[in-house]
Amino acid sequence: MFKKILIANRGEIACRVMRTARRMGIATVAVYSEADVEALHVREADEAVAIGPAPSAQSYLDIEKIVAACRQSGAEAVHPGYGFLSENEDLPIALEAAGVVFIGPPAKAIAAMGDKIEAKKLAVSAGVATVPGHPEAVASAEEAAGIAKRIGYPVMLKAAAGGGGKGMRVASDDAQLKEGFRLASSEAKSAFGDGRLFLEKYIEEPRHIEIQVLGDTRGNVVHLFERECSIQRRHQKVIEEAPSPFLDAKTRQEMGEAAVKLAKAVGYFSAGTVEFIVDDKKNFYFLEMNTRIQVEHPVTEMVTGLDLVEQMIRVAAGEPLPFSQKDLALKGHAIEARIYAEDPRRNFLPSPGRLIRYAAPQGEDIRVDGGVYEGAEISPYYDPMIAKLAAWGENRKIATERLAAALDGFNIVGVSNNLDFLSAILRRKTFIQGKLSTAFIAQEFPGGFKGVDPSPNEIGEAIAAASAMHRIELENSARGEIPESWITNLDGKAHAVTIVRDGAKLAVSLAKKRHEVATTWLPGQDLFRAEIDGVKASFRVSGIGLVYRLARGGVNYTAQILLPRAAELMARMRPKPESTRSRHLISPMPGLLVSLAVRAGQDVKAGEELAVVEAMKMENVLRAERDGTVTKLCVKPGDSLAADQVILEFA
Ligand code: ADP
């Protein structure tokens, strides 16, 4: 076995490969660009080699620099991860010349599958069904129109060198085809330096189902069943699961056998994925083969109990596969969601920046593949993926519920992220029913993502949670009597609440319903974990004093507690613009400044106590909404405060 390997990648996949290497007793070498000096994969490696400037072309995509880093560190083998150089056959060729082992398939298999036209021809000759079409480069829009007439519209134009959904266009008539031809070929030329296009029948509302294969250098190839990756946005996967809720045992076996046949036809070894699209009659057609580990491999690991990276390393070291097809079985169900730094409400605009807060959920059947830490930067130079979150369950329903709960328990502050969007997908009826297709997102979220409408029960639970939080704040800070009823204003709607402590539980009575809340939450914690009516629930929390912002199940809530009498005064207050509020700590109501917990120049963390204001005989602790520096104190203890009066300023 190797003593030391180099990982020619960054982010979560570099960290994930290192995790397995460490378990196997293999030392790890990271490579990093100037943008990644502080990155997690550099911190987690036993040693790290700088390979140049931030742009990938000058660092992570530079083969000579990878080879030089091997020489410098004495690494015996290289794992390429996914993306970057993972599907460039020149890397294994250069490594071989330098006497370094490539932890991946043979160069000629990468080359054969790298060209989609060649790959399709290979599939045809191996007896694997492909999408009807014309598996030759098409020279002009006119020629394409002739072919489209023969195979029938709609058709899909695809780049022979394609990947990442680039150079792809759907056309329903000659005019769209002409336009699409021009756009797709120029896109392919600039993305891959190769403008060749071919034409396929466009399968409407298909599923994307892929087969994981694994082979050794002795010619043994097995398949590790399928992953369904139909939840896609712009032909890119968002949620993946195993097994597919659509396949029966017979189709599963046929697809597995087809994938193995194709892998054997190209002399494949290591891990790889054969992708198919599947129509509503369970006809499956070969799409392409990815000759590397895939982003979504964790779901396969969770339902087979295998470590794919370990198998890749063992195969590269010359070991035979320790099992055959009949030893493999599926156990339970696993679903993965890709968490990105992007803003779903702004057309998924990438949102690079610093992670002010990053706390991933934990749990026995929860898996987090992350490449960041709190305080780390999501760089604008690379893919904006923050982490992958996967959940396992005895069946699909349990796995989905666990994943949804884990999303609620994921706290990310500092960059926009798609947690709400992912939660919104999981709660859609069509998703729960397993009625998936690649058109799912376009159909379920026409016009983009605009948030989620909570159910009446969810609204009740949010009111109960905010009310419980406030009661706990009072218990932790107040001298004197704690009121048992008040108004909780949720998203502009007033709800009369009575809240009574009953031992470890809080009983929250609303107009029509009573909720029991059991929690160990303490003021300042940004995750409210509780059992509400006996069911586990987590809310992400931010907010100060009497205003709480909560998030759960893709829904964002703003709750405002209006204490008796204050309710009246608050009703007259004007809302303040966001910018003024964030730079100033403002008294939420008329009252007396009891104490200040900070001085000018002091750095404060989100959740830290800033001041105590007494009003209506109640003491209210005002806390920092986010990390920052106090620049100026505007009042002193003992001063009386007007509503909205500035107490202190932040930088
Ligand atoms: P890339 O290599 O760019 O990711 P793929 O060939 O893997 O491209 O296709 C990506 C996605 O595009 C598929 O998962 C599927 O959703 C869609 N797609 C590709 N070919 C077709 C087709 N002929 N009909 C319908 N959808 C297709």
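Quick note: the coordinates plus some simple rules give every number you see, no bench work behind them. Just so it is clear, the model here is predicted, and its values are computed rather than measured. Methodologically, a virtual Cβ is constructed for each residue, glycine included, from the backbone with ideal geometry; neighbour enumeration extends over all protein chains shown.
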Original post:
If you place +1 on the Cβ of every Lys and Arg and -1 on the Cβ of every Asp and Glu, how big does the dipole about the Cα centre of segment 56-180 come out, in debye to the nearest 20?
Top reply: 280 debye
Original post:
How large is the charge dipole for the chain, taken about the Cα centre, if only the Cβ atoms of Lys, Arg (+1) and Asp, Glu (-1) carry charge, to the nearest 20 debye?
Top reply: 900 debye
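To the nearest 20 debye, what charge dipole does segment 4-103 have about its Cα centre, counting +1 at the Cβ of each Lys and Arg and -1 at the Cβ of each Asp and Glu?
Details: 9 positive and 14 negative charges, 85 e Å.
Its charge dipole is roughly 400 debye.
Relative contact order (percent) for the chain, with alpha-carbon contacts under 8 angstrom and 6 or more residues of separation? Mind showing how you got there, number by number?
On the way: 1470 pairs, mean separation 58.0, N = 651.
Normalised by residue count, the contact order of the chain is 9 percent.
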Original post:
Among the lysines, which have Cα under 22 Å from the Cα of Lys512 when same-chain residues fewer than 8 positions away are ignored?
Top reply: Lys493, Lys536
**OP:** Determine the sum of side-chain charges near Gly451: Lys and Arg each +1, Asp and Glu each -1, restricted to other residues whose C-beta is under 10 angstrom from that of Gly451.
**Re:** 0
Original post:
Once you list every other residue whose beta carbon is under 11 Å from the beta carbon of Pro106, what net charge do they have if Lys and Arg are +1 and Asp and Glu are -1?
Top reply: -1
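For Cα pairs less than 8 Å apart in space and 6+ apart in sequence, what is the mean separation divided by the residue count of segment 331-389, i.e. the relative contact order in percent?
On the way: 83 pairs, mean separation 25.8, N = 59.
44 percent.
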**OP:** Return a whole-number percent for the relative contact order of segment 456-572, with Cα pairs under 8 Å and 6 or more residues apart as the contact set.
**Re:** 23 percent
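What ranking, highest mean first, results for peptides 301-310, 372-381 when packing means the other Cβ atoms within 10 Å averaged over each residue?
Working: 301-310: 19.2, 372-381: 17.2.
Going from most to least packed, we get 301-310, 372-381.
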Original post:
Toward the positive end of the charge dipole of the chain, about the Cα centre and with charges on Cβ (Lys, Arg +1; Asp, Glu -1), which of Gln212, Ser509, Val131 goes farthest?
Top reply: Ser509
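Counting helices only, and only those DSSP H runs with n ≥ 4, report the 222 nm mean residue ellipticity of the chain as the sum of -39,500 (n - 2.57) divided by its residues, in deg cm²/dmol to the nearest 500. Could the numbers behind the result be given before it?
Numbers: 18 runs with 184 residues, N = 651.
When only DSSP H runs of four or more count, the value is -8500 deg cm²/dmol.
Rank the residues Ser59, Ser351 as a footprinting-exposure proxy: fewest other Cβ atoms within 10 Å of their Cβ go first. Please list the in-between numbers first.
Values: Ser59 23, Ser351 19.
Ascending number of Cβ neighbours within 10 Å: Ser351, Ser59.
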Subject >> Between helix 11-23 and the chain: long-axis angle, C-alpha atoms, 0 to 90°, nearest 10 >> reply: 80 degrees
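What is the sum of charges around Ala27, taking Lys and Arg as +1, Asp and Glu as -1, for the other residues whose C-beta is under 13 Å from the C-beta of Ala27? Write out the running numbers ahead of the final one.
Details: positive: Lys3, Lys4, Arg22, Arg23; negative: Glu44, Asp46, Glu47, Glu76.
Net charge in that neighbourhood comes out at 0.
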**OP:** Convert each backbone phi in segment 184-193 into a coupling constant with the Karplus relation 6.51 cos²θ - 1.76 cosθ + 1.60 (shift: θ = phi - 60°), then list the ³J(HN,Hα) values in order as whole Hz, x for Gly and Pro.
**Re:** 5, 6, 6, 5, 5, 4, 6, 7, 10, x
Original post:
Given the pairs Lys108/Lys166; Lys189/Lys281; Lys149/Lys261; Lys149/Lys282; Lys158/Lys261, which are separated by over 28 angstrom at their Cα positions?
Top reply: Lys189/Lys281; Lys149/Lys261
**OP:** Quick one: which residues, 5+ away or cross-chain, put their amide H under 5 Å from the amide H of Glu89? H built at 1.01 Å from N.
**Re:** none
Subject >> Residue (of Val238, Gly267, Gly193) at the positive-pole extreme of the chain, dipole from beta-carbon charges >> reply: Val238
Original post:
Which listed residue (Gly305, Met469, Ser416) has the Cα farthest towards the positive end of the charge dipole for the chain, taking +1 on Lys and Arg C-beta and -1 on Asp and Glu C-beta about the Cα centre?
Top reply: Met469
